[in-house]
Number of protein chains: 4
Amino acid sequence: MAIEGRNDIAGRPIRLGMVGGGRDAFIGAVHRIASRIDGHYQLVAGAFSSTAEKSKASGRDLGLPDDRIYGDFTEMAKREARLKTGIDAVAIVTPNHMHYPVAREFLKRGIHVICDKPLTSTLPDAKRLVKLAESSDALFILTHNYTGYPMIRQAREMIANGEIGRIRLVQAEYPQDWLTEPLEATGMKQAAWRTDPARSGAGGSTGDIGTHALNLAQFVTGLQVEALAADLDTFVEGRRVDDNAHVLLRFAGGAKGMLWSSQVAPGNENALKLRVYGDKGGLEWRQEDPNYLWFTPLGEPKRLITRNGAGAGEAAGRMSRVPPGHPEGYLEGFANIYTEAAAAIRAVSAGEPVPDDVVYPTAHDGLIGVAFVDACVRSSKRDAAWTRLAI
Amino acid sequence: MAIEGRNDIAGRPIRLGMVGGGRDAFIGAVHRIASRIDGHYQLVAGAFSSTAEKSKASGRDLGLPDDRIYGDFTEMAKREARLKTGIDAVAIVTPNHMHYPVAREFLKRGIHVICDKPLTSTLPDAKRLVKLAESSDALFILTHNYTGYPMIRQAREMIANGEIGRIRLVQAEYPQDWLTEPLEATGMKQAAWRTDPARSGAGGSTGDIGTHALNLAQFVTGLQVEALAADLDTFVEGRRVDDNAHVLLRFAGGAKGMLWSSQVAPGNENALKLRVYGDKGGLEWRQEDPNYLWFTPLGEPKRLITRNGAGAGEAAGRMSRVPPGHPEGYLEGFANIYTEAAAAIRAVSAGEPVPDDVVYPTAHDGLIGVAFVDACVRSSKRDAAWTRLAI
Amino acid sequence: MAIEGRNDIAGRPIRLGMVGGGRDAFIGAVHRIASRIDGHYQLVAGAFSSTAEKSKASGRDLGLPDDRIYGDFTEMAKREARLKTGIDAVAIVTPNHMHYPVAREFLKRGIHVICDKPLTSTLPDAKRLVKLAESSDALFILTHNYTGYPMIRQAREMIANGEIGRIRLVQAEYPQDWLTEPLEATGMKQAAWRTDPARSGAGGSTGDIGTHALNLAQFVTGLQVEALAADLDTFVEGRRVDDNAHVLLRFAGGAKGMLWSSQVAPGNENALKLRVYGDKGGLEWRQEDPNYLWFTPLGEPKRLITRNGAGAGEAAGRMSRVPPGHPEGYLEGFANIYTEAAAAIRAVSAGEPVPDDVVYPTAHDGLIGVAFVDACVRSSKRDAAWTRLAI
Amino acid sequence: MAIEGRNDIAGRPIRLGMVGGGRDAFIGAVHRIASRIDGHYQLVAGAFSSTAEKSKASGRDLGLPDDRIYGDFTEMAKREARLKTGIDAVAIVTPNHMHYPVAREFLKRGIHVICDKPLTSTLPDAKRLVKLAESSDALFILTHNYTGYPMIRQAREMIANGEIGRIRLVQAEYPQDWLTEPLEATGMKQAAWRTDPARSGAGGSTGDIGTHALNLAQFVTGLQVEALAADLDTFVEGRRVDDNAHVLLRFAGGAKGMLWSSQVAPGNENALKLRVYGDKGGLEWRQEDPNYLWFTPLGEPKRLITRNGAGAGEAAGRMSRVPPGHPEGYLEGFANIYTEAAAAIRAVSAGEPVPDDVVYPTAHDGLIGVAFVDACVRSSKRDAAWTRLAI
């Protein structure tokens, strides 16, 4: 309940490069803010667009010197690897199909990679990237940013501590409404690449947001989905990927679940929601009001646990900056992934193991996401037949 | 916004009998209160228990004279049909397996039946009851009480008026938590019969609450479920019926849906919720906060329509008693079904057609519910294979 | 958490008369529904309007025989007192200025009075009525209906049990918006008499709703307001009574408070809200969502106590009819006052004392309300000077 | 509804110094994060503590070189003013009584000041500081951070556009619970200085949070408080300043209001709330859920306007970084003040006027806050007599 801040200890900032994220991009700016919030990074280089001209303009907007702005990511990887004060890490914020080729260039040169999700646009690429990441000395961090929310860490900790008992049910949903109409036909860039299978992958809502919901469900519960039955739809005429997915889930160990992702549900801005029920209690969390976690111990009144408030534990406290009642949001959750990554990068740079309490999504988590999209598409083609989520 | 009440016009009360609903019952008392709220009924007779002793005691509690308290529903039907001031209508509030035999005795004697849901415990009984109801001069009203909520009527009217466009998605859920532990093993009566297939039917959560969710979805949207894929579970050891159901829905005309019913989700008291999304907007309603309807016209801010408040229409107004901000609840919603039934009974008694705006669930609606349970059980046995909801 | 109903034990219904409450009235219909819900009363007579014609028409609407419909309340009192099966009790639902003269006629003839609030339109009348009530064999029940809400009883019980410690702060507010514009100028009846000092009293919002807020604050906390400082306003031009009141409160024992009543606050339908803070915890309750009580024990997470749910106690349980998650509302809360009154009337009729757990607002409570309005008006005239709430 | 980010254009970062904000401080870390979020500042120097040792340690934590870490703010001002790449601006985050002396040293050397609130601990200091700020070439920005919230800007814009008509009522409240017990007696640093009149000023809750509520009320409505009547309390024994304030407000032009600040209201973490009602509509906003603004146009359903969502305008859009449904919070709101300050500093540095749409709280706003505390204390001493808020 006390008003006390978190110390923001910096040391030498990690030198960060960026691939993608030029003018008019969405997620690039988010990564940049996330990298700045805790002061662990400094953006020093980038290939912000595949068009050299646009990359240059974007880099200058960001105050970078011309010789650190690249029109080509391979060139960037090569040169930065040679520079004395070259980048320590690169943020990849391109459309999905470029994640693998870009990551490869940097990983193989020992540059840490912080990559947006989903991992790749195809399953083979995902498998290759996992291998690459595992064999590289550099770290690979996937920004399944919702795992950075303090109350998600709180829920995970409570479940690990047995506070809701043995898990029976996992209800995950992620409805949005921004693609209710054929926005991609209007030339809107964010809609265009997200609905283009060549750039985004075979999944639409499944890949763009369903992967988040799945990842969150597994992250919080510690359970793995074994099989799924998916009914995918494309409600908007002419759209080339799913814009709605209804999915039944079966977890290893016997828990069951539902997952709903949609981009055509008017009134839902970004309504990711996770509910987990065990034989001793239940937990509920909503992304749009992320500072709250509802906890019901069976047979007792529902409790509202707040970030940094009474009842919040160590795992959430590590991820918080300000006292309860001072809401943190999406960008702080995202920044938490960057800050975990910084801790890992610094440990590795110092030749030390990554501390146990530092947690971030990995290439393997990303592979699960891509396999999820693949399984959804295959299940749906076979009339929602049960399909194993094999990795 | 004005403070004005609804006139409560009575005329001669309808003479009501009751079968079931003795001491310690739940739904019998609810029906009695519902029948009293608008003053259209007077309880004058009953067979409150299959044990004559208990029936007598219960009837006396209710102030009935001994000669109108019966130990046997057949005897009651016979005698009341002969009495000059015998009952006009009977409320059937027994466990499910008795609905059909009881209804038969009264319907065939021209006594109107107001029957609790689900219609019957078996599909054959349901089909027989529909035939009987269709061939009887008496009316058959099924208390799918949630259709009596004013804001449910509001949602139905708005959808019929095209306010959310063509429907794409129907998300229905009905989680509870009261059977998280094996309450039936403690001798608790309500749990015991509800988990006994012989008395309740083959479905557990599907029959007890899933039917409500399905009925509401169809009532509000005007769409029919064509097929479903159901994954039923019994999480509590030793329980003989499902206590959780995950169901995918396909509606005639192309809309898709999900239905979740559960009695093992801690933190959910009676959390029936319906969300409907069309290509022009969305609607959301929660039973536990029934005076609110969320409406999002695509591209505009979300609006909170309140019972009798600004933006609420005629269909909801008919079902309201007090001004906005004065919450009506479960019992008033239930009473609305009784009041619709009274209007229908009075019309029929006067030899007139039931007015167009009088709406209540019928035996046919009940048959759909029983067929739903049947289809869920069959689908689940075939590993959630798609199963037609054939009637 | 179990699904069990409350037994509705009746016995011989109490014969009820009504004064006021004719066609187009608001609160008369509410009283009638409230009297029916638990089956303790039967409406058998009434003087529904001061116009004989209108009284007759209203009585017939309600199914009463002509010889029990009166055009004059004095005639009604006289005749009903003489009838063998005359009324046991009368509900007074006239404009405020008639409460005293009507109550007098019935009280002095030993007929119990259930009277709407505020007690009277003037302080002298209120004092006279208290004396009369105290000296009468008949009971006087004031329908400060909000005290009938189960979670209000819950809050009162928790405070009495010391669960929030010594009370420091009481924040009461009751904003509405229905008089934002000069509705009384349109001929709207409810607005007309409520803004007419001759019929309503010197207070506008203070009398109509401020008295409810004050009564609730005192009922829940058990504390008495000693002095107040009130800043009253009439924002709508031409209005003759206050439509907004800002009041500072000082309670005996040192607690402090604020009370805000308003009828010109757009977006507030009937937003009565009470918050009480002690040195060990806090409680919050909102009339528009009456089944919830927020409880924060100091240093612990906030808890949501629900009607009949986990954590709800005996005082709330007595006032509940249906399981948690099945919302009860305004009419049930109102009915609880009628049911408490029935218990008291039956006890008195049987020559027994009123049971300890039967609680209802009295004439004395009503006097406090009228004194509150009087003190507000006097304080406001002296520029919000502190004014004792002397009784 | 589209997913598009805000461009984060930087240019040369503004060189920032800090006075106060050493280890264990709260607001210093907040200022540092706020300064980083949009990339407009780089922290290059500081006097983080009045103890040279602690200042050094804190500065090193933050990665500063020793020669830019000072043990004394005067020395810092002198040296930084002389350095070629000395600081452009200084953030003052000391206890209140130091704001004036520190600001003076920097302002008189032409270094821009970004100062925490309240402006000063005494009214004479506040008046001196305003004069100083007005006569200085450097800018003075006061971090009444809540004015940086996008939906506060939205509310302000809507009111200026007349969307709720002529304002009648302003209900402001700011309850907290962290000082319910005598935390200052435990040695907790944040509690200690905030309850010490010498460091904090004559007001407790009034100064610490009441000033925020007042500032927000005036900022959003554009109205000035003319007079107030305040009832201050100190509920915790031994505390030397108020921990609760009940205040009546009168605005120029006839609007009325209430302001409640409290630090002893269990269950309230940081529950700043503003409600404004006019003759055409109402607005409601809660700091703990800052991405939502409730808007009720009179006679229409309540609408939920969300940050960057449908219905949000230009003023809020300027202050947003991410799409609707991706919550921004306290730190982003705080960062918005820093970003407005950056725009102003850059304009002034370029010899240009500050753009019209750049808005931040000034020394004059701060003077109003200090005068508010002074008036509250004086009013309360005279038994809540009306006291002019004279400046």
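We did not get these values from a lab; they are worked out from the coordinates using the rules stated. Note that the coordinates shown come from a computational prediction; the quantities given were computed from them, not determined experimentally. Backbone-built Cβ (ideal geometry, glycine too); neighbour counts: all protein chains shown.
Okay, here's what the table says:
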{"item": "For segment A:67-111, size of Cβ-based charge dipole, Lys and Arg +1, Asp and Glu -1, in debye", "result": "180 debye"}
{"item": "Contour minus Cα-Cα distance for C:D61 and C:K131 (0.36 nm per residue)", "result": "21.6 nm"}
{"item": "Estimated dipole of the protein assembly as shown in Debye, rounded to 20 [Cβ of Lys and Arg +1, of Asp and Glu -1, Cα centre]", "result": "0 debye"}
{"item": "Relative contact order for chain C, counting Cα pairs under 8 Å that sit 6 or more residues apart, in percent", "result": "20 percent"}
{"item": "Dipole-positive endmost among A:V377, A:G278, A:W294 within segment A:261-390 (Cβ charges, Cα centre)", "result": "A:V377"}
{"item": "Built amide H within the under 5 Å cut-off of D:I14, gap 5+", "result": "D:Y41, D:Q42"}
{"item": "Relative contact order of segment C:182-327, pairs being alpha-carbon contacts under 8 Å that are 6 or more residues apart, as %", "result": "13 percent"}
{"item": "Label geometry 7 Å along the beta-carbon vector: C:G238 inter-copy distances in nm", "result": "5.6, 6.2, 7.4"}
{"item": "Karplus 3J(HN,Hα) series, Hz, for segment B:380-387 with 6.51 cos²θ - 1.76 cosθ + 1.60 (x for Gly, Pro)", "result": "5, 5, 9, 6, 6, 5, 4, 9"}
{"item": "Cβ-vector label at 7 Å, B:R23, separations to other copies in nm", "result": "4.8, 7.2, 8.3"}
{"item": "Pairs of Cα atoms farther than 15 Å apart, segment C:38-111, %", "result": "53 percent"}
{"item": "Minimum Cβ-to-axis distance in chain D for the rotation onto chain B, with residue, whole Å", "result": "D:R303, 3"}
{"item": "Computed P(r) (all Cα pairs; segment C:113-262; 5 Å bins; percent)", "result": "2, 9, 15, 18, 19, 16, 12, 6, 2, 0"}
{"item": "DSSP bridge orientation in chain C - percent antiparallel, rounded to nearest 5", "result": "60 percent"}
{"item": "Positive-end residue of B:T234, B:G203, B:G148, charge dipole of segment B:98-237 with Cβ unit charges", "result": "B:G148"}
{"item": "Set of segment D:113-139 residues, backbone N closer than 15 Å to the point 7 Å along the Cα-Cβ line of D:K381", "result": "D:122-124"}
{"item": "Stokes-Einstein D (µm²/s) once Rh is taken as the Kirkwood radius of segment C:78-165 over alpha-carbon pairs, at 37 °C in 0.692 mPa s", "result": "226 µm²/s"}
{"item": "Projected area, mean over directions - chain A, Cα convex hull, nm²", "result": "19.0 nm²"}
{"item": "Alpha-carbon centroids, segment C:232-279 and segment A:320-391: separation in whole Å", "result": "50 Å"}
{"item": "Separation of alpha-carbon centers, segment C:124-147 and segment D:83-130, rounded to whole Å", "result": "64 Å"}
{"item": "Expected 222 nm ellipticity per residue - DSSP helices of 4 or more, -39500 (n - 2.57), all of chain A, to 500", "result": "-10000 deg cm²/dmol"}
{"item": "Built amide H within the under 5 Å cut-off of A:T362, gap 5+", "result": "A:L142"}
{"item": "Cα gyration tensor category, rounded, prolate or oblate, for segment D:107-147 with a/c compared to 1.5", "result": "oblate"}
{"item": "Computed magnitude of the charge dipole of segment A:44-196 (debye, nearest 20; Cβ of K, R +1, Cβ of D, E -1)", "result": "520 debye"}
{"item": "Charge dipole (segment A:29-155, unit charges on Cβ, about Cα centre) - positive-most of A:V130, A:P118, A:I92", "result": "A:V130"}
{"item": "Residues whose placed amide H lies under 5 Å from that of A:A91, excluding near-sequence neighbours", "result": "A:G17, A:M18, A:V19, A:I114"}
{"item": "Per-pair calculated FRET efficiency, R0 = 51 Å: A:Q224 and D:R12 via Cβ, rounded to 0.05", "result": "0.55"}
{"item": "Scaled radius of gyration (Cα, divided by 2.2 N^0.38 Å) that segment D:131-219 gives", "result": "1.42"}
{"item": "³J(HN,Hα), Karplus 6.51/-1.76/1.60, whole Hz, each residue of segment B:205-219, x for Gly, Pro", "result": "4, 4, x, 6, 10, x, 4, 4, 5, 4, 4, 5, 4, 6, 4"}
{"item": "Column: log10 I(q)/I(0), Debye, Cα scatterers of segment A:171-214, q = 0.22, 0.24 Å⁻¹", "result": "-0.76, -0.86"}
{"item": "Calculated label separations, C:E75, copies of the chain, 7 Å along the beta-carbon direction, nm", "result": "5.0, 10.0, 10.4"}
{"item": "Cross-link table B:K84/B:K117; B:K256/B:K280; C:K78/C:K108, entries beyond 20 Å C-alpha to C-alpha", "result": "B:K84/B:K117"}
{"item": "Hull shadow area, averaged, the protein assembly as shown [alpha-carbon convex hull, nm²]", "result": "53.2 nm²"}
{"item": "Sequence-separation-based contact order of segment A:65-122, relative, with Cα cut under 8 Å and 6+ spacing, percent", "result": "35 percent"}
